[in-house]
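*Asks:* Once you've had a glance at the structure underneath, I'll fire off some questions.
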Amino acid sequence: MGAGNVAGIVDETADVNAAANRIVRSKTFDNATSCSSENSLVIVDAVRPAMLSALKDRGAVMLAAPQKVTLQALMWPDGKLSAAVIGQSARVIAERAAALDGANREGWLAIAATDPRILMVAEDGVGHDHPFSGEKLSPVLAIYAARDFDEAAATVERIYAYEGAGHSVGLHSAVPERALTLGLTLPVSRVIVDQAHCIATGGSFDNGLPFSLSMGCGTWGKNTFSDNMNYRHYLNITRVSRPIPEKVPSEEEIFGAFFAKHGAK
């Protein structure tokens, strides 16, 4: 399958409490080792304070800038994601950061004592120099800000140009048309709307996606298909072909709309 590194968008119309419930449920499942867990959350400015407050109420902790530096050193000591954090709880990660950061040890231990569910870091960059923009395989969530939905979508596009193209994007919004916009403009195989992303991508009786633990990411993710992998992908299909009445479309049927729009023939 392709790379994970899923991002979610919370726009100005979202029900922040419902969105926070879904995101925390998704991000804490199996300590976020699933490729379908959110690694980044892009929040539109109009709901940013309320959304962060809702996440805090559910056990997510926003780290201070010095703590972010320490966490980065713990997570990527040699430029590669460390086993010290992969699949670990937020509490264990905070305790290990405390052992690494003598100057802020008490602050880390205070965080650990609250038994946090998610550690959040503010981020605005993307790429190798900003490792929090990549997949983290742990309950660590990068938080991005956006002026509006369009900027949020552009931020996700930047993230996926670095890592995660082809997988999925989460959307928490009361504007149905925005899901279609993301599907038409982002390199994603699934747009998960108002659901716990990690759980929804694997299929559910209430969303119609095929049940699967493996999500295809199409050519964006260097895969051969973009579906949820299921038994159909293991079938060899033999087609019997016989002559049928010929129906040859005219040039107008094929190109008419294009010619009408662009005035070229």
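Laboratory data are not the source of any read-out in this text; all were calculated from the coordinates shown. Remember, it's a predicted structure, so these values are computed and weren't measured experimentally. Don't worry about glycine lacking a Cβ; one is built from the backbone with ideal geometry, like all the others, and counts go over all protein chains shown.
*Asks:* Please note which helices (runs of 4 or more DSSP H) are completely contained in the range 34-112 and include at least 1 residues that are polar (S, T, N, Q).
*Replies:* Details: elements: 48-57, 65-75, 90-100.
Of the helices (runs of 4 or more DSSP H) lying wholly inside the range 34-112, those with at least 1 residues that are polar (S, T, N, Q) span 48-57, 65-75.
*Asks:* Of all residues in the range 80-103, how many are farther than 17 Å from Ala113 by Cβ and either in contact (Cβ under 8 Å) with a residue 40 or more places away in the chain or more than 23 Å from the chain's Cα centre (by Cα) (or both)? Can you show your working first?
*Replies:* Taking the range 80-103 as the starting set, the residues that turn out to be farther than 17 Å from Ala113 by Cβ are 80-87, 100, 102-103.
Cutting the leftovers down to either in contact (Cβ under 8 Å) with a residue 40 or more places away in the chain or more than 23 Å from the chain's Cα centre (by Cα) (or both) gives us 81, 85-87, 100, 102-103.
Adding up the residues that qualify gives 7.
*Asks:* Run Lys136 past the list (1) crowded, with 18+ Cβ neighbours inside 10 Å; (2) of a type in the set (Lys, Arg); (3) in a helix (DSSP H, G or I) and report the number of the one that doesn't hold.
*Replies:* For Lys136, the exception is condition (3).
*Asks:* Then there is this: Can you find, within the range 19-33, the residue that is nearest to Ala90 (Cα to Cα) among those that are of a type in the set (Gly, Ala, Ser) and touching a Gly at 6+ places or on another chain (Cβ under 9 Å)?
*Replies:* Across the range 19-33, the extreme among qualifying residues is Ala32.
*Asks:* Step by step: first the residues of the range 55-78, then only those that are free of Cβ contacts under 8 Å to residues at least 40 places away in the same chain and either in contact with a Lys or Arg (Cβ under 8 Å, 6 or more places away or on another chain) or not hydrophobic (A, V, I, L, M, F, W, C) (or both), then the one that is farthest from Ala32 (Cα to Cα). Which residue is that?
*Replies:* Pro66
*Asks:* On to the next question. Starting from the range 233-260, keep only residues that are under 30 Å from Phe211 (Cβ atoms), then list their pairs with residues that are of a type in the set (D, E, K, R) and part of a loop (DSSP other than H, G, I, E, B) whose Cβ atoms are within a distance under 8 Å, requiring at least 6 positions of separation or different chains.
*Replies:* His233/Asp227
*Asks:* Continuing with this model, one more query. Can you tell me which residue within the range 224-243, out of those that are of a type in the set (D, E, K, R) and part of a loop (DSSP other than H, G, I, E, B), is farthest from Ser189 (Cα to Cα)? Talk me through it step by step, then tell me what you get.
*Replies:* Quick first cut of the range 224-243, residues of a type in the set (D, E, K, R) only: 227, 232, 239, 242.
Now restrict to residues that are part of a loop (DSSP other than H, G, I, E, B): 227, 239, 242.
Working: Asp227: 7, Arg239: 27, Arg242: 34 Å.
Across the range 224-243, the extreme among qualifying residues is Arg242.
*Asks:* In addition: Please work out if Ala19 is surrounded by 24 or more Cβ atoms within 10 Å (Cβ to Cβ), within 27 Å of Glu106 (Cβ to Cβ) and in contact with a strand residue (DSSP E or B) (Cβ under 9 Å, 6 or more places away or on another chain).
*Replies:* Numbers: surrounded by 24 or more Cβ atoms within 10 Å (Cβ to Cβ): yes; within 27 Å of Glu106 (Cβ to Cβ): no; in contact with a strand residue (DSSP E or B) (Cβ under 9 Å, 6 or more places away or on another chain): yes.
So Ala19 fails the test.
*Asks:* May I pose another question? Being crowded, with 16+ Cβ neighbours inside 10 Å, touching a residue at least 12 places away in the same chain (Cβ under 8 Å) and on the phi < 0 side of the Ramachandran plot narrows it down to one of Ala161, Ala165, Ala174, Ala122, so name that one. Steps first, answer last, please.
*Replies:* Details: Ala161 fails: crowded, with 16+ Cβ neighbours inside 10 Å; Ala174 fails: crowded, with 16+ Cβ neighbours inside 10 Å; Ala122 fails: crowded, with 16+ Cβ neighbours inside 10 Å.
On inspection, the qualifying residue turns out to be Ala165.
*Asks:* Still on this structure: What residue, of Gly79, Gly107, is loosely packed, with under 14 Cβ neighbours inside 10 Å and farther than 30 Å from Thr13 by Cα? Give the derivation first.
*Replies:* Numbers: Gly107 fails: loosely packed, with under 14 Cβ neighbours inside 10 Å.
Criteria check complete, one pass: Gly79.
*Asks:* What are the residue pairs meeting all of these: first residue in the range 204-217, first residue free of Cβ contacts under 8 Å to residues at least 24 places away in the same chain and within 7 Å of Met229 (Cβ to Cβ), second residue part of a loop (DSSP other than H, G, I, E, B) and among the small types (Gly, Ala, Ser), Cβ atoms under 8 Å, and 6 or more apart or on different chains?
*Replies:* Listed by first residue and then by second, the contacts come to Ser212/Gly202; Ser212/Gly203.
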